[in-house]
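The values are calculated or read from the model by the stated rules, or taken from the named source; none is laboratory data. Predicted model, so just to flag it, every value in this text is computed and none were measured. Cβ placement follows ideal geometry from the backbone for every residue including glycine, while neighbour counts extend to all protein chains displayed. Ligands, DNA and RNA are stripped out before the accessible areas are found, and what is left, the full protein with its side chains, is counted by its heavy atoms. Shrake-Rupley method; radii C 1.70, N 1.55, O 1.52, S 1.80 Å.
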Amino acid sequence: MAFTTSLKKLLFGLLFVMGLCLMILYFNESQSLLKPASSFLMNGFESRHSKLKLYSTGDSSKIPIERTWTYKCVNQRCVRQHYSSSNNNNNEKRIPFSTCSMLCGSYTKIWPEPTKSYIGISANSFSLNDIKFKIRTPFKNVESLLESAFSIFLEEVKTIVQSFNGKVDELNNKGASSTVKSQNSKEHSTTDRSYHSSHRRHNLTNVNIFLHVLKTSDIHLTFNTDECYNLTLINEHQTIDVRISANSFFGARNGLATLQQLIWYDDEDELLKIIGSANIADCPKFNYRGVMLDTSRHYFSVEAIKRTLVAMSHSKLNRFHWHITDSQSFPFVSKNYPELAEFGAYSPNEVYTHENVRDLANFAQVRGIQIIPEIDAPAHAGNGWQWGVEKGLGELSLCINQQPWMSYCGETPCGQINPRNNNTYKILQSLYGELLELTGPTDYFHLGGDEVNLECWAQYFNDTDLRSLWCDFMLQAHHRLTLANGGHPIKTAGVWSSALTNMPCLSNKNFAVQVWGGSQWSENYQLIDSGFDLIFSHVDAWYLDCGFGSWRPTGDGACSPYRTWQTVYKHKPWQTMRLNKQQAKQILGGEACLWTEQVDESTLDSRLWPRSSALAERLWRDPQDELDFAIPKETFNRFSIFRNRLVQLGIKAEPIFPRYCGQNQDECV
């Protein structure tokens, strides 16, 4: 009996000590070493990371403030009512749509929709100077990237405020607020409101953001990367504690992207606001969630590509497939073979240098995105390859600019790598090595491989089966990729689907196929049955250049109709194909493709956004829609809110319906 009593006392003592230790740990984590937001935007940190900030068009229109309208939450929808301060007898404050839309309705306002979430319906106001930040990770490289990601987070919050011509509390070393003047002070002075945000009282004194990454030091995305995160937001005593925990940098960055969607600008109070409470557990369904941009038909500046990466990061898209060259142009400046760009670029100013590619890779990495460069071969290789004979290397490419082009390639101008010239493989190996060094370690690299025209090769070779030439080329290219990677095989090489892809020469252990044909084509099933891992880019759903007619003389569209965001969103081939469990594991994800015969920088944003964001939710959450033929009203509302956020960040995303429909929820859908 005495022994039992002693044991109870011992256990009680141990529990007391453990509880005390947990309280101390919690207190230390909550109070010690919290850095003010100003420390991330001042002095050395700002200069070291200046290239990581948001790149916008610089001339985007300001968001109009709806002074004559107020919004009330009625039956879980925002109802627009006329508002005039002069005849407002009840002295009610105007409620902007941004505040109403974030607090009205029981559905989450996050895009893509989290796996599991509880999000409160109360809001708190704060200043950027109230934000403090703490990272907990044993990995220095992860800590450095998270600091950069947090700097970007702050810059983008400031950008959202400034999009309303709002005034931002400037962060400084002393932690005091100073007002930043609008970039267009003349425009702001014409409004009927001239007071500063510092004149408004915010009800939070601290917004503490804790980031925990304890499991892995990986800072390069792979097919095994854990991108999940947990986010909690607790409000106590004029303080909000935001805790984001993840197993990797990429998961933590996704958590920051979600947190930013819980923050908005109230143009009536002229203050930032944040949701009062939240609990989110979130994981993507597919690891590969991509966007492909073709920079050969038209050249796109580094700034335009960065703008694309910014929109991708907010959509939680994680692979930027850069179709950097084609038969029309070769804009990549190789240090070992500069003749490729010299003979292939549209002009000396329309090229991508090593510095450009490295800059873009770093810009993408801190936003959770991997850049996958593609030098398409053996087809789609014309201009840029025509100098071989002059330099004593023989014909590097065949059929260059040959006419009539319809007989020798799928699109003018023609050009197809010479598979019997060993110098072409030496050049490809060098290009692979340069790009791998610039974009970082990877377990996936795209080799091209599509639309080979056998009639082109038939003019030069008497092989009875010209298809074997394609096999020989792809296997040799794969071998050269291994050599370019220091002799270490890259786990997966991507190739486009074609009539040749299912040839028995390609191993399903080394190659994955990006399926671009129709979703009902038999190749989908043949490739699955052959054991290949697949990335879906079906032309009838996820080709975003379709529906704009054709540049050819007849004007007939190469692919029609226009792929609406609803079409992009509702496409879920892994369900319609009725795959078994093993086959489902072979689906790596999907990718929206933008070929640019009729796209340049003037239309880039509107072609990609927000339709690519519709793809993002399909690949992240893959919601189980009750009605396949209609999209729920709540989804429309969330998508509209997210599209508006992209616009606030400087992305010229196309509207999804008339402005009236945005002001009058549910009336149009």
Have a look at Gln624, Gln665 and point out the one that is in contact with a strand residue (DSSP E or B) (Cβ under 9 Å, 6 or more places away or on another chain) and part of a loop (DSSP other than H, G, I, E, B). Gln665
Quick check on my filter: what residues within region 396-408 are in contact (Cβ under 8 Å) with a residue 24 or more places away in the chain and at positive phi? Cys399
The number of residues in region 319-347 that are part of a loop (DSSP other than H, G, I, E, B) and of a type in the set (A, V, I, L, M, F, W, C) is 3
Ile651 meets each of (1) in contact with a helix residue (DSSP H, G or I) (Cβ under 6 Å, 6 or more places away or on another chain); (2) open to solvent by 10 Å² or more (accessible area, probe 1.4 Å); (3) within 27 Å of Gly251 (Cβ to Cβ) with one exception, condition (2)
How about region 290-318: which of its residues are assigned to a loop (DSSP other than H, G, I, E, B) and either open to solvent by 10 Å² or more (accessible area, probe 1.4 Å) or at pLDDT below 95 (or both)? Arg297, His298, Tyr299, Ser301
Which of the numbered conditions does Thr603 fail, given that it passes all the others? Conditions: (1) polar (S, T, N, Q); (2) under 20 Å from the mean Cα position of the chain (by Cα); (3) buried (at least 22 other Cβ atoms within 10 Å of the Cβ). (3)
Report whether or not Thr564 is β-branched (Val, Ile, Thr), surrounded by 15 or more Cβ atoms within 10 Å (Cβ to Cβ) and at pLDDT 95 or above. no
Residue check, Ala341 surrounded by fewer than 24 Cβ atoms within 10 Å (Cβ to Cβ) and either more than 24 Å from the chain's Cα centre (by Cα) or under 19 Å from Thr222 (Cα atoms) (or both): yes
With (1) open to solvent by less than 60 Å² (accessible area, probe 1.4 Å); (2) modelled with pLDDT of 50 or more as the list, and Arg201 as the residue in question, which single condition is left unmet? (1)
Asp282 vs. criteria acidic (Asp, Glu), touching a helix residue (DSSP H, G or I) at 6+ places or on another chain (Cβ under 9 Å), modelled with pLDDT of 95 or more and surrounded by fewer than 19 Cβ atoms within 10 Å (Cβ to Cβ): no
Scan of region 378-395 for residues that are open to solvent by less than 10 Å² (accessible area, probe 1.4 Å) and on the phi > 0 side of the Ramachandran plot, ordered by number: Gly384
Considering each residue of region 484-525, count those that are of a type in the set (Phe, Trp, Tyr) and without any contact (Cβ under 8 Å) to a residue 24 or more places away in the chain, and give that number. 1
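For every residue, the table says whether it meets (1) over 29 Å from the mean Cα position of the chain (by Cα); (2) open to solvent by 30 Å² or more (accessible area, probe 1.4 Å); (3) polar (S, T, N, Q).
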site: Trp457; (1), (2), (3): yes, no, no
site: Tyr460; (1), (2), (3): yes, yes, no
site: Thr464; (1), (2), (3): yes, yes, yes
site: Phe473; (1), (2), (3): yes, no, no
site: Thr482; (1), (2), (3): no, no, yes
site: Gly487; (1), (2), (3): yes, yes, no
Out of all the residues in region 573-594, which are open to solvent by 30 Å² or more (accessible area, probe 1.4 Å) and either on the phi > 0 side of the Ramachandran plot or assigned to a loop (DSSP other than H, G, I, E, B) (or both)? Arg578, Leu579, Asn580
When you scan region 604-618, do you find a residue that is within 23 Å of Lys116 (Cβ to Cβ) and either free of Cβ contacts under 8 Å to residues at least 24 places away in the same chain or part of a loop (DSSP other than H, G, I, E, B) (or both), even just one? no
If you go through region 379-431, how many residues are over 17 Å from Met474 (Cβ atoms) and of a type in the set (Val, Ile, Thr)? 3
Within region 531-555, restricting attention to residues that are assigned to a loop (DSSP other than H, G, I, E, B) and open to solvent by 50 Å² or more (accessible area, probe 1.4 Å), which residue is modelled with the lowest pLDDT? Thr554
Just the residues that are under 30 Å from Met102 (Cβ atoms) and either of a type in the set (Val, Ile, Thr) or over 11 Å from the mean Cα position of the chain (by Cα) (or both), please, taken from region 288-324. Val291, Thr308, Val310
Residues satisfying the stated conditions in region 108-145, i.e. open to solvent by less than 20 Å² (accessible area, probe 1.4 Å), under 30 Å from Pro632 (Cα atoms) and among the aromatic types (Phe, Trp, Tyr): Trp111
Determine the pairs where a residue that is within 27 Å of Lys285 (Cα to Cα), located within region 97-123, has a partner that is open to solvent by 30 Å² or more (accessible area, probe 1.4 Å) and part of a loop (DSSP other than H, G, I, E, B) with Cβ atoms under 7 Å apart, the partner being 6 or more residues away or on another chain. Gly105/Gln76; Ser106/Gln76; Pro112/Arg621; Glu113/Arg621; Thr115/Cys283; Thr115/Arg621; Gly120/Ser277
Residues that are within 20 Å of Met102 (Cβ to Cβ), at pLDDT 95 or above and either in a helix (DSSP H, G or I) or in contact with an Asp or Glu (Cβ under 6 Å, 6 or more places away or on another chain) (or both): does region 260-269 have at least one? yes
Would you please name the residue that is nearest to Arg645 (Cα to Cα), looking only at residues in region 231-269 that are of a type in the set (Asp, Glu) and open to solvent by 10 Å² or more (accessible area, probe 1.4 Å)? Asp267
Filtering region 319-331 down to residues that are out of contact with any helix residue (DSSP H, G or I) (no Cβ under 6 Å at 6 or more places or on another chain) and over 20 Å from Ser537 (Cα atoms), which residue is most open to solvent (accessible area, probe 1.4 Å)? Gln328
